[in-house]
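Enquirer: What follows is a structure written as structure tokens; I'll ask about it next.
Laboratory data are not the source of any read-out in this text; all were calculated from the coordinates shown. Computed from a prediction, not measured in an experiment: that's the story for all the values here. Methodologically, a virtual Cβ is constructed for each residue, glycine included, from the backbone with ideal geometry; neighbour enumeration extends over all protein chains shown.
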Amino acid sequence: MAEQFDVIVIGAGPGGYEGAIRAAQLGFKVACIDDASRPDGKPAPGGTCTNVGCIPSKALLQSSENFEQIGHAFAEHGIGVERATMDVGRMLARKAKIVAQSNDGILYLFKKNKITFFHGVGSFVGKTGDAWRVAVAGKNPAELQATHVIVATGSKPRPLPNVAIDNVRVLDNEGALAIPAAPKRLGVVGAGVIGLEMGSVWRRLGAEVTILEALPSLLPAVDTTIAREAQKLFARQGLAIHTGVTIGAIDVGADAVTMNYTDAAGQAIAVSVDQLVVAIGRVPFTAGLGGDTVGLARDERGFITVDGACRTNLPNVWAVGDVVRGPMLAHKASEEGVAVAERIAGQAPHVDFNTIPWVIYTSPEIAWVGRTEQQLKADGVDFRAGQFPFTANGRARAMGDTRGLVKVLADRATDAILGVHVIGPLASELISEGVVAMEFGAASEDIARITHAHPTLSEAVREAALAVDGRTLNL
Ligand code: FAD
Ligand code: NAI
């Protein structure tokens, strides 16, 4: 006899687990199914983000940045350290502990919200009347029924043709987060978000990092002023980034991987590295879901087809997060999960793609919301731009990190903020002000007139807003 629910959520990543919690808050009887396991076989809810994405990458970025600071920044504060050492095993154990705490935290939230969690693979079986039937395959098989199903099965790494990931020599994100000792030479294919974040971690720990990127320029989605600044700073750190390359054969040997490629000038080059990270994007994951059994439509790239409200082609079947169109970001996934739960309850939520912030957790961090200068030009929008460098910000000077700048873009006629772009210390936190401002339809003058505490990094945001009207105070 199938267990009856109002809502079944398949996948407990940020999209699935937060959607499940919201549905439970709204009074529904909710089941959530996830197949991820910890090394000891216990469930590992939290998805890519918690297990092999956002959280572990930020743990390693923090550890490696601390190490880098000791070597390169402490001396000017008067702190002398004879010889700092790095115990990579301990760093990875710390990361694993943080991941496990997060898994446990989600299991606690399920219990608190009376969500029934099933550890296994969830797949559509069919329909009985208005109810969808979903089977759970795992240690404890089950059959469930519910009127509504939310699919939140996420994504997986896009492979490079003819290159098998073994997570020993050739690594995806999972392997890149678990290298047992800093390699001497690390290769990375793809100078996207993962390539830059993971390349940064292992460079700080001593690896010579070579990043190969197919596109002619670095970070094309980032505002050109910020991307230029980033390229300069990354080169200074010693990240060797080659753009405009064509990847040829990747030869995997017992001790090394040789990357054959043609550079932007057409010259054939071979570089041998100890390990290679492949980070060329991610693709939607629907294997095992049984979507075809019930006729769940997917587009030509494999994404589950949804409308603006995350409705699929099937009645009362919804899909959210990385498995559908839009940015592959944890906060986008969770916003969609929450919004779907509210729609099921008859509410009218809205996820505004124009105000979804992006952050790249390099050092310095890069963060933005809204449109870039090049997008505004392409869209024919008449705008004004204001910029402010962290060199002129007192808090940044006191912290000892004056790299980068803030840039605010505003409509010339209405002064409405169209984009906020930051490269610099704690850009990930500073960007929230831009998100709130844009969400409330603020003008650059609004930010310019708001009192910002002194001395704070956020004063650089205010100064950039003042610069839109040509009236910075501290430059
Ligand atoms: P996922 O998190 O992928 O979760 C899907 C879950 O469903 C998984 O647990 C999977 O095992 C399970 N599942 C799949 N099929 C089934 C099935 N049939 N039955 C049962 N369970 C199933 N985003 C950010 O916003 N900030 C960051 O800093 C960031 N860092 C990242 C770093 C890395 C290295 C990577 C790879 C990604 C990062 N991301 C980051 C992206 C972020 O992880 C994803 O956007 C987010 O996890 C998507 O959430 P989701 O709920 O759609 O899917
Ligand atoms: P990405 O899309 O950010 O970058 C992939 C890069 O690889 C691109 O620059 C692309 O031009 C390049 N590329 C593609 N094919 C290539 C080829 N054959 N040869 C050389 N270069 C090639 O994808 P990435 O880094 O794999 O990350 C996947 C997604 O995960 C991100 O887009 C993002 O949505 C999410 N993510 C988010 C993070 C964050 O928010 N801080 C951190 C890490 C991942």
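Enquirer: What does the extension gain come out to for residue 397 and residue 101, with contour length at 0.36 nm per residue minus their alpha carbon separation?
Expert: Difference between extended and current length: 103.0 nm.
Enquirer: Using the Cα centre of the range 226-351 as the reference point, and only Cβ charges (+1 on K/R, -1 on D/E), how large is the resulting charge dipole? Debye, rounded to the nearest 20.
Expert: Roughly 360 debye, rounded to the nearest 20.
Enquirer: Please find the FRET efficiency linking residue 236 to residue 1, where r is the Cβ-Cβ separation and R0 is fixed at 45 Å, and quote it to the nearest 0.05.
Expert: In this case the efficiency is close to 0.10.
Enquirer: Could I ask something else about it? Angle between the Cα long axis of helix 427-439 and the longest principal axis of the chain, 0 to 90 degrees, nearest 10?
Expert: 70 degrees
Enquirer: Okay, next question. Once both axes come from the Cα atoms, what is the angle between helix 54-72 and the longest principal axis of the chain, in degrees from 0 to 90, rounded to 10?
Expert: With rounding to tens, the tilt is 20 degrees.
Enquirer: Taking 0.36 nm per intervening residue step and subtracting the Cα-Cα distance, what contour gain separates residue 167 from residue 473 on full extension?
Expert: Between residue 167 and residue 473, full extension yields an extra 104.9 nm.
Enquirer: I've got another one for you. Quote the FRET efficiency, to the nearest 0.05, computed for residue 260 versus residue 37 with a Förster distance R0 of 41 Å and r equal to the Cβ-Cβ distance.
Expert: The pair residue 260/residue 37 has a calculated efficiency of 0.65.
Enquirer: Let me ask you something else. What is the helix-to-structure angle for 193-204, meaning the angle in degrees between its Cα long axis and the longest Cα principal axis of the chain, kept from 0 to 90 and rounded to the nearest 10?
Expert: 60 degrees
Enquirer: Roughly speaking, what is the stretch gain from residue 414 to residue 228, that is 0.36 nm per residue apart minus the C-alpha to C-alpha distance, in nm to one decimal?
Expert: 64.1 nm
Enquirer: If packing is taken as the average count of other Cβ atoms within 10 Å, what order do 146-158, 97-109, 453-465, 217-229 fall into, highest mean first?
Expert: The most tightly packed comes first, giving 146-158, 453-465, 217-229, 97-109.
Enquirer: With charges set only on the Cβ (+1 for Lys and Arg, -1 for Asp and Glu), what does the dipole of the chain come to about its Cα centre, in debye to the nearest 20?
Expert: Roughly 640 debye, rounded to the nearest 20.
Enquirer: Okay, next question. If each of residue 345 and residue 440 carries a label point 7 Å out from its Cα toward its Cβ, how far apart are those two points in nm?
Expert: Label at residue 345, label at residue 440, 2.5 nm between them.
Enquirer: While we're on this one: Calculate the length of the line joining the C-alpha centroid of the range 217-281 to that of the range 17-42, in whole Å.
Expert: Comparing the Cα centres of the range 217-281 and the range 17-42, I get a distance of 39 Å.
Enquirer: Can I ask one more? Would you mind ranking 132, 358 by Cβ crowding within 10 Å, fewest neighbours first?
Expert: Ranking 132, 358 by Cβ neighbours within 10 Å, fewest first, gives 358, 132.
Enquirer: Between the range 57-82 and the range 296-355, what is the C-alpha centre distance in whole Å?
Expert: Cα centroid to Cα centroid, the span is 41 Å.
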